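Presented below is the structure to which this report refers.
Read the figures in this text as sums done on the coordinates, not as results from a lab. From a predicted model like this one, the values you see are computed outputs, not experimental measurements. Here the Cβ is made from the backbone with ideal geometry for all residues, glycine too, and neighbour counts use every protein chain on show.
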Amino acid sequence: MTRFLRFASASLLFAIGFVALAPALRAAGPDPDYVKSIEQERADRLARLTKPDGWLTLIGLHFLSPGANTIGSAPDNALVFAAGPAHLGTVTLSPEGRVAVTLNPSLGARIDGRERLSAELNDGSKGGAVTTVKVDALTFFLIDRGGKKALRVKDSASERLTHFLGLDYFPIDPSWRIEAEWVPFERPREVPIRNILGQVSPALIPGKAVFHRDGRTYELLPLIEGADEPLFFVIADTTSGNETYAAARFLYADPPQGGKLVLDFNLAVNPPCAFTPFATCPLPPKENRLPLAVTAGEKKYRGEHE
């Protein structure tokens, strides 16, 4: 057999072997280490969500009126909590926007871990730690939404936590781990971001992530939560309202390096407002409403009861 024929025969055998092996290679599925990393991320998310002070324990969002606001679970309070003592005390909003709490002395309440009867409440918006008030299973603290002060109330024995059904996901698909181009803007752009309450706040957007999928090009705008924080994308797509939560999903990405960043849609998650009506989640800007089906990441929540 000539050298050419031997080479041709060997090439033919290799090709036949590769064709025979191809289904097995496809059946082998994604890299096990990658799958393990995604599964660990999901396990960590579940642990955070089901903590005694996680989002599933949220039972109320109560906006303060100027002056004294009585609080507690009894119906004669100005702000009626869904659980806890009947008469907890009074929260006072001053004309200058300062908020102070005075508590019922018979309850043994703790403010920032110490037994106290009164304190000024800090919402953390101007620095410093958020002041936390705790009575038995009930916790509340001050937040600011659009310049309005409100009490966010949590109950570690809430039904949303005790009846939680778990999280559902699309199958892990490595093709949805996409390396995107980072295109910085010459000047940060101001984009209006609406939250689920209808409030609108401006956000400065430093650039955009550009990625390709099935021959088409898409762009996403990130929100910046802090200098050392990941990029935060609030997205929607054609699965929204069907397989996935209607309002939005959240996706985080490490800061870009060398003009690139990784968008791993297998890590897309539901916002807190998918689990509770008392969260104030941002909604996607129009630029982040993708005209494709992102069949990766977290599906919509089934609810406390099937």
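Can you find even one residue in the stretch 262-281 that is of a type in the set (Phe, Trp, Tyr), part of a strand (DSSP E or B) and touching a residue at least 40 places away in the same chain (Cβ under 8 Å)?
For the stretch 262-281, residues of a type in the set (Phe, Trp, Tyr), part of a strand (DSSP E or B) and touching a residue at least 40 places away in the same chain (Cβ under 8 Å): absent.
Report whether or not LYS126 is under 14 Å from ILE71 (Cβ atoms) and not acidic (Asp, Glu).
The answer is no for LYS126.
For the stretch 98-119, enumerate the residues that are surrounded by 13 or more Cβ atoms within 10 Å (Cβ to Cβ) and over 19 Å from ASN77 (Cα atoms).
Passing the criteria: ARG110, ILE111, ASP112, ARG116, ALA119.
Quick one: which residue in LEU117, LEU93 is more than 25 Å from LEU56 (Cα to Cα) and in contact with a Lys or Arg (Cβ under 9 Å, 6 or more places away or on another chain)?
Among LEU117, LEU93, only LEU93 is more than 25 Å from LEU56 (Cα to Cα) and in contact with a Lys or Arg (Cβ under 9 Å, 6 or more places away or on another chain).
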